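What follows is calculated from the coordinates using simple rules that are stated; it is not laboratory data. Given the structure is predicted, the values throughout are model-derived calculations rather than measurements. A quick note on method: Cβ atoms are made from the backbone with ideal geometry, for glycine too, and the neighbour counts reach across all protein chains shown.
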Amino acid sequence: MKKPKFSIIIPVPQLNDYILKDTIPALKKQTYKNFELIIILNRLPVKKPLFPPFLKLFPSHPRNTPSEKRNLGVKKSKGEILVFLDDDAYPDKNWLKNALSLFKNKNISAVCGPGLTPPNDPLFARVSGYFWSSHLGSGGAGTYRNLPQKTRPVDDYPSFNFFIRKKDFLAAGDFDSRYWPGEDTKLCHDLVYKLKKKIVYHPQVTVYHHRRAIFKPHLKQLSRYAAMRARFTRIFPKTSKRPGYYLPTVATLIFFLTPLLIFFLEILSLCVISIPLLLVYLALLALYTLGLFLTSLHVLLISRNLFLALLLIPTVPISHLTYGLVFLSTLATISQKEAKKT
């Protein structure tokens with residue numbers, strides 16, 4: 001029986017150290033060998049180092065989005081199963097083998113798995129990794145994306161570690177280049193709700209995903225996600241209109257507006273309302289602070305790095321405030337018609 005072939009597709013402006021020093025060496029160690037690696041670049045390198053035979057390089061227009069580059073990679077692919085991997089991610093040695101075992105089930109159309117923070121990431125990047133993997137940090141998005149969790153069906157998953165049968169990808173209509181970030185969310189939405197296909201998350205389909213360092217790179221990435229998710233609450237409510245995506249915005253509103261409300265109630269001499277409201281407000285702040293302390297303590301026990309654990313304390317509320325403000329401002333300014341054009 002013929003073994004299925006995987007086509008691993010990475011869009012990137014140019015070859016970087018992550019690909020050369022992490023991704024390619026990790027692919028050489030794969031226990032399942034029937035695969036090709038397709039990298040779509042802005043331009044081919046003038047000097048090519050000694051590349052492995054499974055690697056294929058193709059040029060793309062510099063203005064092409066990652067989704068357009070991935071679609072080009074699909075056109076160049078020879079495999080029955082497409083694999084979308086970020087340029088800053090590298091796989092576990094049994095990555096392809098574990099994914100293949102799931103595709104033996106004909107009812108499964110796509111497979112995904114967690115992206116773990118590499119242990120050799122710089123300290124500021126590891127702080128970001130602990131934010132994404134903590135329940136308090138990214139509980140709304142799902143910690144299973146950043147830590148191994150139980151096997152489950154999903155209807156939305158990022159393309160940093162995503163497998164899909166090629167025939168189903170083509171049936172879903174490729175990646176929609178109007179959306180970035182978020183083209184993967186639309187693909188999953190169409191796959192599950194239009195084609196009635198099944199996506200399965202499995203904890204052993206593992207990659208290691210380098211993180212953005214705190215604070216500026218981390219918050220910049222977070223802001224893009226917040227704006228995308230706000231738009232998608234109007235376009236794809238089945239996968240985006242969920243409580244977890246609204247929690248940072250609700251917390252931000254409570255944080256800023258409650259003191260103002262208490263102030264005006266005091267001016268109006270409505271102490272019967274302002275005092276209980278103040279107590280509730282203080283209780284919520286105390287609960288959040290306790291969550292920060294316990295999360296930081298948990299990270300300290302895991303990492304055994306006090307400075308890292310302390311850095312996480314400001315990272316979490318700053319991240320929540322940034323996400324909440326960007327989500328709220330995007331939601332308030334974009335109309336349904338504009339959202340569909342984005």
Exercise for the section: Could you compute the FRET efficiency for K29 and L306, with r as their C-beta to C-beta distance and R0 at 30 Å, rounded to 0.05? Expected result: 0.30
Exercise for the section: Report the FRET efficiency, 1/(1 + (r/R0)^6), for K97 and D190, where r is their Cβ-Cβ distance and R0 is 30 Å, rounded to 0.05. Expected result: 0.60
Exercise for the section: Between T289 and F263, take the C-beta separation as r, use R0 = 30 Å, and let me know the FRET efficiency to the nearest 0.05. Expected result: 0.85
Handout entry: Cα gyration tensor category, rounded, prolate or oblate, for segment 243-341 with a/c compared to 1.5
Key = oblate
Problem - DSSP bridge pairs, the chain: antiparallel proportion in percent, nearest 5 - result: 40 percent
Exercise for the section: Measure nothing fancy, just the Cα-based angle from helix 243-267's long axis to the longest principal axis of the chain, in degrees from 0 to 90, nearest 10. Expected result: 20 degrees
Exercise for the section: Would you be so kind as to identify which of L277, Y18, Y323 lies farthest towards the positive end of the dipole of the chain, taking Lys and Arg as +1 and Asp and Glu as -1 on Cβ and the Cα centre as origin? Expected result: Y18
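Please give the calculated 222 nm ellipticity per residue for the chain, where each DSSP H segment of at least 4 residues contributes -39500 (n - 2.57) and the sum is spread over every residue; nearest 500 deg cm²/dmol?
Details: 13 runs with 170 residues, N = 342.
The helix contribution divided over the chain gives -16000 deg cm²/dmol.
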Handout entry: Rounded to 10°, Cα long-axis angle of helix 306-333 versus longest principal axis of the chain
Key = 90 degrees
Handout entry: Inter-probe distance in nm under a simple model that places probes 7 Å from Cα toward Cβ, at I313 and V46
Key = 5.2 nm
Practice task
Order these peptides, 172-178, 299-305, 106-112, by their mean beta-carbon neighbour count within 10 angstrom, highest first.
Solution key: 106-112, 172-178, 299-305
Problem - Label-point gap, in nm, between N120 and D155 - each point 7 angstrom along Cα→Cβ - result: 4.1 nm
Completion exercise
Where a ≥ b ≥ c are root eigenvalues of the Cα gyration tensor, a/c under 1.5 meaning rounded, otherwise prolate if a/b exceeds b/c and oblate otherwise, the chain counts as prolate
Handout entry: For segment 106-144 versus segment 73-93, the gap between their alpha-carbon centres in whole angstrom
Key = 19 Å
Completion exercise
Looking only at lysines whose Cα falls under 19 Å of K2's and that sit 8 or more positions away or on another chain, we get K33, K78, K97, K104, K106, K166, K167
